[in-house]
Every structure is written in structure tokens, then in C-alpha cells.
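A.B. asks: Structure in C-alpha cells, see below.
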Amino acid sequence: MLGKAALLLVLTVAASYLLGCFNGALLISKYIFHDDIRAHGSGNAGLTNFYRVFGGGLTAVVILCDALKAIISVLIGGWLLGDILGWGVLGEYIAGLSCMLGHMYPCMFQFKGGKGVLSEVAMVLMIDWRMGLAWLGVFLVTVLLTRMVSLGSLLGCVTFMIGTAVLYHNPVVIFFGLVIGGLVIWRHRANVVRIIKGEENKFSFHKKGDKKEG
């Protein structure tokens with residue numbers, strides 16, 4: 001039984017991590033625009049920087065790619081670890097974390113990926129739609145009031161961590177929720193500093209003309 005659990009755990013983590021490595025912003029900038037999104041703007045391989053640099057034409061593809069990989073990962077974790085091993089929602093959290101690690105640190109892109117926000121919200125919606133809607137609500141209200149996507153993302157992470165503690169009373173699940181939210185917050189540490197200093201960029205629906213300005 002222990003061997004079976006170890007095998008399914010390794011399969012879940014490996015599959016979810018590799019799925020996470022398929023970063024939409026990196027793939028499209030590299031193979032369609034023949035460029036590297038990390039060389040422009042904020043240097044982040046994420047949705048916001050992609051939109052600022054390349055505009056809205058293929059932004060929907062980035063969203064689809066980063067959301068789908070999180071959804072598939074959660075389904076894998078729910079099946080292999082949740083249904084077969086009986087680990088319940090913990091399997092989904094493990095798979096979601098593995099996917100986000102792949103997104104943030106993709107092995108095929110020198111371990112330099114995005115910040116994991118889009119993958120996180122897709123994962124949260126799959127795990128529990130109520131928690132996902134709360135995440136999106138906090139994010140949208142924050143962005144509408146401040147025009148700071150980073151602040152909305154950070155508060156969404158906090159909402160997710162609180163939601164995990166409220167909905168699930170398993171300390172291991174709560175731990176994974178804290179790790180997932182903490183990773184996203186850690187990836188936003190430079191944004192936190194800029195927010196405190198009042199220097200954070202504000203989102204605009206118009207891309208900037210010079211890609212180097214981002």
C-alpha cells in the first residue's frame with residue numbers, strides 16, 4: 001500500500017509540475033513573436049506583463065493555457081490521490097502546488113517563469129467554487145479601486161489562505177494552502193516593496209508602444 005501511495009504521489013507531482021512548465025506567456029512570446037517576454041517590461045512571464053508588452057491579441061490564449069494546465073492538474077490530483085488513495089481534497093492541493101511550481105520555475109525555461117496568479121485562481125475555482133468566487137471578488141474590487149493588479153493578486157492569495165482554513169479543518173490541507181498562497185506572495189515581493197513606496201505600476205487597458213518600457 002505504501003509503495004502504491006508513493007508511486008501515485010510521484011506521478012501526480014511529476015505530471016502536474018510538467019503541465020505547469022507550459023507557460024502561456026513564454027510559449028507564445030518565443031514561438032509566435034520570436035521574442036522572450038522576460039526581456040521586456042517587468043521581466044515577468046505572466047499575463048499582465050504579456051498584455052502590456054504584446055497587447056490583447058493573444059492574451060486569451062495565455063489565459064486558456066495557464067488556466068487549463070491548473071484545471072488538468074487538479075483533476076489528476078483529485079483522481080490519483082483523492083479518489084484512488086482516499087486523500088480527499090489534499091490530492092488537489094498537492095497537484096495544484098506542483099503545477100504552480102512548474103509555472104514559476106519551469107525546467108525548460110531556465111527555471112524563470114511567472115508568478116502563478118492565473119494558475120492559482122483556476123486551481124481554487126476547481127477545488128471549491130465558493131472560495132474561487134471570493135478570490136475573484138476580492139481581486140476585481142481591489143483592481144477597480146486601485147488599478148493595481150499585484151495588490152489584487154496579493155489580497156486574493158490571502159482570501160484563499162483564509163478560505164482554506166475556514167472550509168477545511170485538516171492541518172495538512174491548511175499547511176498546503178499556506179504554502180501555495182505564500183509562494184505567490186513571495187513571487188510578488190518586489191511588488192510589495194513598490195506598493196509600500198507608492199511606486200507600483202497601475203494597470204491600463206492600452207498597451208505601451210515601446211516593448212522595452214513594458
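A.B. asks: If I fit a long axis through the Cα atoms of helix 59-77 and take the longest principal axis of the Cα atoms of the chain, what angle between them do I get, 0 to 90°, rounded to 10?
C.D. replies: 10
A.B. asks: Ignoring ligands, DNA and RNA, please state the percent of accessible area on the stretch 42-161 from carbon and sulfur, probe 1.4 Å.
C.D. replies: On the stretch 42-161, the fraction of accessible area on carbon and sulfur atoms equals 74 percent.
A.B. asks: Divide the volume of the convex hull of the Cα atoms of the chain by its number of residues and quote the answer in cubic angstrom per residue.
C.D. replies: Taking only Cα atoms, the chain has a hull volume of 113 Å³ per residue.
A.B. asks: What is the distance in Å between the Cα centres of the stretch 173-189 and the stretch 45-102?
C.D. replies: Comparing the Cα centres of the stretch 173-189 and the stretch 45-102, I get a distance of 15 Å.
A.B. asks: Over the Cα atoms, compute the radius of gyration (one decimal) and Dmax (the largest Cα-Cα distance, rounded to a whole number) for the stretch 12-59, in Å.
C.D. replies: Rg and Dmax of the stretch 12-59, Cα atoms, are 11.6, 35 Å.
A.B. asks: Between Rg and the Kirkwood Rh of the stretch 83-147, both from Cα atoms, what is the Rg to Rh ratio?
C.D. replies: With Rh from the inverse mean 1/r over Cα pairs, Rg/Rh is 1.08.
A.B. asks: So what is the accessible area of the stretch 126-207 per residue, in Å², with the probe set to 1.4 Å?
C.D. replies: 58
A.B. asks: Output the relative contact order of the stretch 74-132, whole-number percent, from Cα pairs under 8 angstrom with separation of 6+ residues.
C.D. replies: So the answer I get is 26 percent.
A.B. asks: While we're looking at this one, here's another question. What's the angle, to the nearest 10 degrees (0 to 90), between helix 89-104's Cα axis and the longest principal axis of the chain?
C.D. replies: The two axes meet at around 30 degrees.
A.B. asks: Count the net charge of all other residues whose Cβ sits under 15 Å from the Cβ of Leu90, scoring Lys and Arg as +1 and Asp and Glu as -1.
C.D. replies: -3
A.B. asks: State, in angstrom, two size descriptors of the stretch 130-187 derived from its alpha carbons: Rg to one decimal place and Dmax to the nearest whole number.
C.D. replies: In order Rg, Dmax, the Cα atoms of the stretch 130-187 give 11.6, 36 Å.
A.B. asks: If you average 1/r over every pair of different alpha-carbon atoms in the stretch 78-201 and take one over that average, what Kirkwood value in Å do you get?
C.D. replies: Hydrodynamic radius (Kirkwood, Cα pairs) of the stretch 78-201 is 15.0 Å.
A.B. asks: Hey, what number do you get for the chain at 222 nm if only DSSP H runs of n ≥ 4 count, each worth -39500 (n - 2.57), divided across all residues, to the nearest 500?
C.D. replies: Calculated from helices alone, the mean residue ellipticity at 222 nm is -22000 deg cm²/dmol.
The values are calculated or read from the model by the stated rules, or taken from the named source; none is laboratory data. Quick caveat: nothing in here was measured; it's all calculated off a predicted structure. Ideal geometry is used to build each Cβ from the backbone, glycine not excepted, and the neighbour counts take in all protein chains shown. When the accessible area is computed, the model is the full protein with side chains, heavy atoms only, and any ligands, DNA or RNA have been set aside. Shrake-Rupley method; radii C 1.70, N 1.55, O 1.52, S 1.80 Å.
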